[in-house]
Amino acid sequence: MEKKNSAKLQKRNGAIDFWKFVFSLVIVLFHTFHYRSINGIQPFISGNSSVEFFFLVSGYLMAQSACKNNALYPDNSNLGKTTFHFMKRKIKGLYPEFAVAWMLSFVVMHLAKKSFNLTSIISDFLTGIWELCLLRMSGLAGYRANVVTWYISAMILAMLILYPLLFKFKDTFLFIFAPCLSIFLLGYMYQTFGSLNAGTAWENFYYRGFMRALADMPLGCILWKICQGIKKFQYTQLARILFSTVELCGYLICLIWMFGKHSDKMSFVVLMIFAVCVPITFSHEGIAAPLFDNRLCYFLGKASFSLYIGHIFWIKSLDAFFPSYSFKQQLCILVVLLIITVAAIMGISNLIRKYTPSAVSCFKKLMLKA
C-alpha cells in the first residue's frame, strides 16, 4: 500500500506545484500593492511578469499531451476528435473553479457597489456571459466580473489554434513554427509595446494578452522538447547540483527583480530566465527536486489556481466594505478572506465534480427516452 501511494504522489511534479503557488502569490501581491504602498514600499511592483511562467508551463503541458496523442495516432487521422477531447479535458479540469470564482466575484463586486438595481444586475450578468464562457480574449468582452480570468481565456483560445498544428505537424511545429512564432511575436511586442504586460489592453484587432499567449506558449512547447533531451541522460552528483543551482538562482533573480524594480522591457528578460528554469524543473534532475515531492507542495499547487482566480475582487472591494480601516488593517482582513475563498472554491469545485455525473444521468433519464 505504501509503494502504491508513493507512486501516485510521483505523478505530480512537486517543484512545479511549489513554484506555481509562489508565482500565484506574487500576482496577488502585485495586485494588492499596485496602487498602494506600506511606508512607500510596493512589493512585487513588476509581479505581473509571473504570468509568463504560467504560459510556459501551459505550453509545456500542451506539448506533452499532443505528443503523447501523436504517438497513439501517428497518421493524424483523429485530428478533429483529438483536439476536441484535449480542449474538453482542459476546460473540464479548470472550469468548476473558474465558474465558482466568477460567481463569487459577480456577487462581491455588486455588493461592493451597494446598489441593488435588478435591471443593472441582469444586464451585467448577460453582458458578462462571454467572460463566463471563456471567450473574453476573443473580443467578446462585456461586464468583467473577474478581471484576472483574461489569462484563462487567452490560454484556451491559443490552445485551440496551436494544439491541432502541434498534433498534426509535431516536428515541423517544434523545430520551425514554434521558434518563428515566438521570436517574431515577441519582437513585435518589444518594438510596439516595449512590454509583455497589460494583457487586457485592446489593440484594435486583438487583446494584447492573447498575443502574449501566442508568443509564450510555443516557447513552452520548445521547452518540452528540451526537457526530453535533458531526461535522456544520467547525471553525476555535480551535474545535479548545478541543475538545482541554475534553477533556484534563476527563479530568485526573477523574484528579486519583480519585487523592487519596474522596467517594462525587463519582462522579456524574465521570460527568458523562466525559459531556462522551467525545463530543469520539469526534468526532475536537480538534486533538490525530491525535496518538493510531498503532500504540502502538491496541495499548494492545487490551491494556486483558486488563489489566482479568487483574489482580485476582494482587493478591488476592500475600500467599499471597510472604508474606515487603515490599509494595514485591510491587509489582515484580506488574508483571512483569501484563505476562506480558496477553501470555498476548492471545496465547492470538488462537490461539483463529485455530483455532476449523477446530475447528468438524472437529466438524461428525464429528457431522453430509453
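The values are calculated or read from the model by the stated rules, or taken from the named source; none is laboratory data. Predicted, not measured: the structure shown is a model, and the values here were computed from it. Here the Cβ is made from the backbone with ideal geometry for all residues, glycine too, and neighbour counts use every protein chain on show. Quick note on the areas: whole protein, heavy atoms, side chains included, nothing else; ligands and nucleic acids left out. Shrake-Rupley method; radii C 1.70, N 1.55, O 1.52, S 1.80 Å.
Odds and ends about this structure:
- Shape of the stretch 264-341, Cα gyration tensor, a/c cut at 1.5: oblate
- Annotation: extensible slack from LYS88 through LEU111 equals 4.9 nm (criterion: 0.36 nm per residue apart, minus Cα-Cα distance).
- Given a 1.4 Å probe and the protein chains as shown, PHE21 ends up with an accessible area of around 50 Å².
- Normalising the average separation of contacting C-alpha pairs (under 8 angstrom, six or more residues apart) by the number of residues puts the relative contact order of the chain at 30 percent.
- Solvent accessible area, Å² - ASP319, 1.4 Å probe, full protein context: 80 Å²
- Taken as entire DSSP H runs, the helices of the chain that both span 24 Å or more between Cα atoms along their own long axis and average 1.0 or more on the Kyte-Doolittle scale are 14-32, 150-168, 237-260, 266-283, 327-367.
- Potential lengthening of the chain between ALA343 and LEU140 amounts to 70.0 nm, from the contour at 0.36 nm per residue minus the alpha-carbon distance.
- Global form of the stretch 120-187, assessed from the alpha-carbon gyration tensor, a/c cut-off 1.5: prolate
- Annotation for the stretch 113-190: trypsin sites (Lys or Arg not before Pro) lying in DSSP loop with at most 14 further Cβ atoms inside 10 Å of their Cβ are LYS114.
- Global form of the chain, assessed from the alpha-carbon gyration tensor, a/c cut-off 1.5: rounded
- Compared with the alpha-carbon gap, the fully stretched path from VAL336 to CYS180 is longer by 51.6 nm at 0.36 nm per residue.
- Between the stretch 229-251 and the stretch 173-210, the alpha-carbon center distance in angstrom: 30 Å
- A Förster distance of 25 Å, applied to the separation of the beta-carbon atoms of ASP264 and ASN39, puts the FRET efficiency at 0.50.
- Under 24 Å from the Cα of LYS92 - lysines, other chains or at least 8 residues apart: LYS8, LYS11, LYS20, LYS68, LYS81, LYS168, LYS302, LYS354, LYS364, LYS365
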